[in-house]
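Step one of this worksheet: look at the structure below.
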Amino acid sequence: MTEEISPMTEAESPLVEASTTPDATLAASDVVLEAVGVTKRFGAVVALRGIDMQLRRGEVLGLVGDNGAGKSTLVKILCGFHPPDTGKIYVEGKEVSFRSVADARGFGIETVYQDLALVPQLTVAQNLFLNREITLFGKVGWLSAGKMRRLAKKYLEDIKVEIPDIDAEAESLSGGQRQAIAVARATRQNAKILLLDEPLAAMGARESALIVDLVKDLSRNRGVSMIVIDHNYTHLFELCDRINVIQQGRIALDQQVKDTSVEELTKFMVSEYRRELAAGQQLLEQ
Amino acid sequence: MARATASDNETPQNPVPKGPGSVAYRLVQRAMQQRELTVVLVTLFVIIYFGIANSAFFTTANIITVCQYLASIAVIAFGEVLILSLGEIDLSAGAVYLSSPWFMYLFWTHGMPIGWAIVAAMVCSAGVGMINGLITVWLNVSSLIVTLAVNYVLFGFVLIESNDIQVDMPGQTGHFSIIFGVGAWSTTLWAAAMMLAIWALLKRTRFGLHVTATGGNLLAAAESGIRVRRVKVWCFIIISAASGLIGILDAIRIGSINPGSSGLDTVLPGIVAAVVGGTALTGGRGTIVGAALGAIFLGVLEDGFNLIGVNANWFYLAEGVMILVAMVANTQLGTVARRFRR
Ligand SMILES: Nc1ncnc2c1ncn2[C@@H]1O[C@H](COP(=O)(O)OP(=O)(O)O)[C@@H](O)[C@H]1O
Ligand SMILES: [Mg+2]
């Protein structure tokens, strides 16, 4: 599965050749986020059985897998929400142990959670600034509500997200609008690493195109590294440089997008599914 | 039919009398959007009713009586707004209200100056709140049960310490007493000050926003990095400290403390005031202004029934029915209001 130097690049200049052998000549600092042997269980459920994963600088890494494979759990470990049971996390080559989401944020890691993490009773602006409120008088924490409203409005306009009313409660928004706000909240922070857990799930065509463009822009023009979870292979192939398949808490496949195709990935997933089905039947028959 | 044509071909030059855009419509819309609308209406109704029914209602003496009665309900209600906004409940606030003067009395009889005795009693009250909060968040026990148990513990403590004997409160004379309870408007002004403080805390500070977030969507609050447990513990501390303070002030005002009073009878009107005022029991929505109005509603009811001489046997029945009416009006108006809110 590891990529060999393709004949095409070999024919080109030696400079390019050096940069097209990622695994072999990768400098430590080119990996911005790395998980080594990460495991996690919830009571009797083993969610992650030993994840080894690398995210490189400026790279968009797609993460696919069945429901319950452990994708969200991995994201929640990488962003400091859950501590891993065992295993290590490295940021820019240095081992870290996040004690909280705020800790991870300090390293420039921002997250869009699968459940969006919006508070229905708070307004669009309040949700955009949740736990990063702009305040006066330091410790007292007097809210600069007007300033947050203005900034929220401006940012949403800048990224062309259309929310009719910045003071509307999140409850009154459509699924796609909520998703756009959750994404906007993460992208507003000048993150170095973005973790996006199914950011397009409830979106219509126009909204997803908008988010895809926003994410592309952050990746190409601002060099943000990111992990994107999605079930839509077309979206992923458009966005990603590399795809990891996660199965039953392990990385089952690690493939550069340029070396594979939607068909090939689909074939892999289906054959894995058949294999599991057969294994399950064998178990039943015994 | 008329509706269909109105929406089919837009005719802005032809203003429909009650259509969106007219000033009257917008005023109604604004009013309907206020969660406190129902309680404003029912409170106005009972005030007008009792004002007409009995000429003694609008006298200064009676207004002072009403305010003194409702100050404690209001303060407990303000605390409960914080707690209910979190999606929790505190049934011990009444017992804290009743026990804090006993704490103060104990410190005082052991030789502490009265000012320090008040401070020490408030620290004890805050400590009770901290215990409520810590057990709730760390041992994951429902706050309903934790605070109910603490309510009985405090009740038992008072009975044991007092030997079930009523005592006189210290601090009955001088400027001190005027400020701390004895002055006619003292407890009312304290309650008003606490209203302002808790309103500002809930609606204008980061902490208050985090209270709403924690109660509105616990997981989302935690995922955004809010320390939800800490937020909860602080709210339990605040309601207990506030209830303890107003308890001491009321005890100084009345002049004596009676060990037999029931904490639940004291806290439940506070919860009713908060909920009638528009605070949701399910978390995420709290209104301090509503709670103040709810307390006024309950205070006026109690006082008004006394004034017009409702038979004591009828009193609770009438009060219960009025609370039901207020709550039903709340939910009914709520459905109408949602249409305005879009
Ligand atoms: N907080 C939790 N408590 C208990 N079990 C959990 C929790 N979070 C995830 N799980 C379990 O871990 C497994 C992996 O879940 P998840 O990471 O959400 O999968 P995915 O995102 O790939 O669909 C599932 O079996 C799920 O039920
Ligand atoms: Mg998931």
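Every number here is computed from the coordinates shown, using simple stated rules; none is lab data. Bear in mind the structure is a predicted one, so any value in this text is a computation, not a measurement. Here the Cβ positions follow ideal geometry from the backbone for every residue, glycine too, while neighbour counts run over all protein chains shown.
To test your reading of the geometry: what angle, between 0 and 90 degrees and rounded to tens, separates the Cα axis of helix B:186-204 from the longest principal axis of chain B?
50 degrees
Per-residue Cβ counts within 10 Å, from other chains only, averaged over B:223-233: what number is that?
Averaged over the peptide's residues, the number is 5.
Quick one: which residues, 5 or more positions from A:THR135 or on another chain, have an amide H under 5 Å from its amide H? H modelled 1.01 Å from N in the peptide plane, none for Pro or chain starts.
Amide H neighbours of A:THR135, under 5 Å, 5+ apart: A:SER144.
Please name whichever of B:VAL150, B:VAL325, B:PRO170 sits farthest to the positive end of the charge dipole of chain B, dipole taken about the Cα centre and charges placed at Cβ: Lys and Arg +1, Asp and Glu -1.
Selected residue: B:VAL325.
Name the most mobile residue of B:ARG26, B:ARG230, B:ARG253, meaning the one with the largest mean-square fluctuation, in a Gaussian network model of chain B with Cα contacts below 10 Å.
Of B:ARG26, B:ARG230, B:ARG253, the most mobile in the Gaussian network model is B:ARG26.
Round to the nearest 10 and give me the degree value, 0 to 90, for the angle of helix B:143-162's Cα axis relative to the longest principal axis of chain B.
The helix B:143-162 is inclined about 30 degrees to chain B.
Over the protein assembly as shown, what is the percentage of antiparallel beta bridges among all DSSP beta bridges, to the nearest 5?
DSSP beta bridges in the protein assembly as shown are roughly 65 percent antiparallel.
Compute the Cα gyration tensor for the stretch B:38-341, then decide on rounded, prolate or oblate, letting a ≥ b ≥ c be the square roots of its eigenvalues: rounded whenever a/c is under 1.5, prolate when a/b is larger than b/c in the other cases, and oblate in all that remain.
oblate
Please compute the Kirkwood hydrodynamic radius over the protein assembly as shown, one decimal place, Å, based on all pairs of different Cα atoms.
About 28.5 Å for the protein assembly as shown.
Who wins for biggest fluctuation among B:SER256, B:SER143, B:SER243 in a Gaussian network model of chain B, springs between alpha carbons below 10 Å?
Maximum among the listed residues: B:SER256.
Rank A:ALA191, A:ALA180, A:ALA168 by mean-square fluctuation in a GNM of chain A with C-alpha springs under 10 angstrom and give only the top-ranked residue.
A:ALA168
Which loop-located trypsin sites (Lys or Arg not before Pro) does the stretch A:252-284 contain, where loop means any DSSP state but H, G, I, E or B and the Cβ has at most 15 other Cβ atoms within 10 Å?
none
Using modelled backbone amide H atoms (1.01 Å from N, in-plane), which distant-in-sequence or interchain residues come within less than 5 Å of A:LEU253's amide H?
A:VAL245
Find the relative contact order for chain B and round it to a whole percent, using C-alpha pairs within less than 8 Å whose residues are 6+ positions apart.
34 percent
Distance between Cα centroids, the stretch A:113-167 to the stretch B:229-257: provide it in whole Å.
About 34 Å separates the Cα centre of the stretch A:113-167 from the one of the stretch B:229-257.
For a quick protection proxy, order the peptides B:111-120, B:306-315, A:244-253, B:73-82 by their average other-Cβ count within 10 Å, most packed first.
B:73-82, A:244-253, B:111-120, B:306-315
List every residue whose amide H lies under 5 Å from the amide H of B:ILE89, counting only residues 5 or more places away in sequence or on a different chain, with H placed 1.01 Å from N in the peptide plane.
Amide H neighbours of B:ILE89, under 5 Å, 5+ apart: B:SER143, B:LEU144.
Quick one: Karplus J couplings for the stretch B:297-314, per residue in order, coefficients 6.51, -1.76, 1.60, θ = phi - 60°, nearest Hz, x for Gly and Pro?
Per-residue couplings from phi come out as 3, 5, x, 5, 4, 4, 5, x, 4, 4, 4, 7, x, 5, 3, 3, 5, 8 Hz.
Between the stretch B:284-314 and the stretch A:184-226, what is the separation of their alpha carbon centroids in Å?
Each part's Cα centre sits 53 Å from the other's.
What are the ³J(HN,Hα) values, in whole Hz, obtained from phi via the Karplus relation 6.51 cos²θ - 1.76 cosθ + 1.60 with θ = phi - 60°, for each residue of the stretch B:68-75 in sequence order, with x given for Gly and Pro?
Going residue by residue, I get 5, 5, 8, 4, 5, 4, 5, 5 Hz, with x marking Gly and Pro.
What is the antiparallel percent of DSSP beta bridges lying wholly in chain A, to the nearest 5?
60 percent
Suppose a student asked you for the relative contact order of chain A, using Cα pairs under 8 Å spaced at least 6 residues apart; what percent would you report?
With pairs under 8 Å counted, the relative contact order is 24 percent.
So what's the angle, to the nearest 10 degrees on a 0 to 90 scale, between helix B:114-138 and the longest Cα principal axis of chain B?
Taking the Cα atoms of chain B, the angle to B:114-138 is about 60 degrees.
Just checking the output field for A:126-139: average partner chain Cβ neighbours within 10 Å of each residue's Cβ? List each step's numbers first, then the result.
Values: counts 3, 4, 0, 3, 10, 11, 3, 4, 1, 3, 1, 1, 0, 1.
Other-chain Cβ atoms within 10 Å of each residue's Cβ, averaged: 3.
Other chains near A:220-229: what is the mean number of their Cβ atoms within 10 Å of each residue's Cβ? If you can, show how the numbers build up before the last one.
Details: counts 0, 0, 0, 0, 0, 0, 0, 0, 0, 0.
Averaged over the peptide's residues, the number is 0.
For the stretch B:202-289, max minus min Cα coordinate along each principal axis, in Å, sorted largest first?
That works out to 49, 25, 23 Å along the principal axes.
For the peptides A:115-122, B:150-157, what is the packing order when you average, over each peptide's residues, the other Cβ atoms within 10 Å and list the highest mean first?
Top to bottom by mean Cβ count within 10 Å: A:115-122, B:150-157.
Beta carbons within 10 angstrom, averaged per residue: use that to sort the peptides B:183-190, B:322-329, A:47-54, highest first.
A:47-54, B:183-190, B:322-329
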